[in-house]
1. Tally the residues that are modelled with pLDDT under 75 and either open to solvent by 10 Å² or more (accessible area, probe 1.4 Å) or touching a Gly at 6+ places or on another chain (Cβ under 7 Å) (or both), restricting the search to segment 296-323.
2. Of F259, F248, which residue is in contact with a Leu (Cβ under 9 Å, 6 or more places away or on another chain) and not β-branched (V, I, T)?
3. Out of F413, F382, I need the residue that is open to solvent by 50 Å² or more (accessible area, probe 1.4 Å), in contact (Cβ under 8 Å) with a residue 24 or more places away in the chain and not in a loop (DSSP other than H, G, I, E, B). Which one?
4. On the basis of being in a loop (DSSP other than H, G, I, E, B), touching a residue at least 60 places away in the same chain (Cβ under 8 Å) and open to solvent by 10 Å² or more (accessible area, probe 1.4 Å), does G360 make the cut?
5. Is there a residue in segment 58-75 that is at pLDDT 90 or above and surrounded by fewer than 18 Cβ atoms within 10 Å (Cβ to Cβ)?
6. Looking at segment 448-459, can you tell me whether even one residue there is within 14 Å of G332 (Cα to Cα) and assigned to a helix (DSSP H, G or I)?
7. All but one of (1) open to solvent by 30 Å² or more (accessible area, probe 1.4 Å); (2) among the polar types (S, T, N, Q); (3) farther than 17 Å from K126 by Cα hold for T93; which doesn't?
8. Which condition does S224 not pass, out of (1) part of a helix (DSSP H, G or I); (2) crowded, with 24+ Cβ neighbours inside 10 Å, if it passes all the others?
Amino acid sequence: MKLNYKIIFHFFGLLLLFNGGFMLLAALLSFCYKDGATFNLFLAGISVLLFGVLSMLCTKNHTKEMNKREGYLVVAFGWIVMTLSGTLPYLFTGAIPDFTNAIFETISGYTTTGSTILNDIESLPKGVLFWRSLTHWIGGMGIIVLAIAILPLLGIGGMQLFAAEAPGPSADKLHPRITDTAKRLWLIYFGYTAAETLFLSLAGMSFFDALNHSMSTLSTGGFSTKNASMAYWNDSPMIQYIIILFMFLAGTNFVLSYFAFKGNVSKVVRDEEFKLYFKFIVIFTLIVGGIIYYNSFLDSTSVFDHPMVWGIGEGSFRHALFQVVAIVTTTGFVTADYTLWAPFLLVFFFGLMFLGGSAGSTSGGVKLVRHLILLKNGFLEFKRSLHPSAILPVRYNNKSVSGEIVFNVLGFFILYMLSFIVGSLGFALLGLDFQSAIGVAASSLGNVGPALGEFGPSHNFFEMPAAGKWWAAFLMLIGRLELFTVLILFTPFFWRNR
């Protein structure tokens, strides 16, 4: 079966229309704040819109049929199209004049990684900072999911796209029609963003900072409007607790949020992945908080200029909880340079980079449900060795998990670790030291943001070699799209016409 290229490029046009529209929104905010970047942001938005309109007009007579192969191509190359067009606000305003750096910052935004090459974030025009946060917000739930909410207008079904885009080993559906599912997910996503913006504003943040940090939080991205990230508000515990709450919600399966709003709370508390997610955060916070407290690092760990006002007991708990939630959910906000706390915690946080939040959330990483299935299958192997004739299926939420899903999870985990090893070797080949190489590989692949070594929480990625930035961008992309969606394009059988 030949690929339906027209529908692929028609969809790219639709994505460009979305991107251009959001750029015009950034231009409007720039105009309101009179930051001097309005015209260039407007020009970027109009340029992207024109490309979008041209692409849709040239492919308007496409066959409205999409199979799995076209779905994979639209998702994988759709993110590339979004990234290329998303660099224009940086290039046109001169905020990031170098193309490689602009690509890195943009793909870090769309993949909700949060790594940055910017040395002085606070000097940028507000319109550019807003666009930077918007790339997080768009990528958080997935521009593809947003787009399929209106695909019925084009007479195109979106199930193939949702299967390729939805995070986790399976895609829970809230409604039989996939477009209605996408709308409900975005309604919850938008509602959480609005609520966090309100709470942060009431807690003392400016509306601009509150809006930007809300978009970064709900997308589990990590871009901040301040050079010191969340350490800027170390003397405002309430602001940091609000961020913690919404990072936790963003790392939870959004389907569970839907059930909670419908009053079905029992489905939430019975969910095995949610229970593991909650327990891990509590246990990890107690471990980190205890080490911070007993080693008296409270007055010497900050590498930021802003003074630390921690308070012995509450401060230990808050900073431990903040960093644990930030890394488990792959948000990447920081309140201090946790790599300086203790050697044990350096290794501990590195391990957390491979954990990930819940499936069906905006977080990156392996995802907890995969770890859960791997652990359950591992324990069952002991029983199978003793009872080789017994039928012992893996059970999740009191349901038997098919062998196909178990093999998929095993294959994903092996591929993830191989990608990490190859990624680390690539950075080592480019001259990065051991700690930096493994840190950047784990951070990029898991969409975490801060890494280790020369690219830890107190540094940015500006000094990384240009080739390293492109390699990191590739790892961010395959990590965000869960490996298979992108790597399958490198297999010869994908391109065979059948």
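1. Counting residues in segment 296-323 that are modelled with pLDDT under 75 and either open to solvent by 10 Å² or more (accessible area, probe 1.4 Å) or touching a Gly at 6+ places or on another chain (Cβ under 7 Å) (or both) gives 17.
2. F259
3. F413
4. Judged against the criteria, G360 is a match.
5. no
6. Within segment 448-459, one or more residues are within 14 Å of G332 (Cα to Cα) and assigned to a helix (DSSP H, G or I).
7. So T93 meets the others, but not (3).
8. For S224, the failing item is (1).
The values are calculated or read from the model by the stated rules, or taken from the named source; none is laboratory data. Model, not experiment: these values are computed from the prediction. In this analysis, Cβ positions are derived from the backbone assuming ideal geometry, glycine residues included, and neighbour counts consider all displayed protein chains. Heads up: the accessible areas ignore ligands, DNA and RNA and are worked out on the full protein's heavy atoms, side chains in. Shrake-Rupley method; radii C 1.70, N 1.55, O 1.52, S 1.80 Å.
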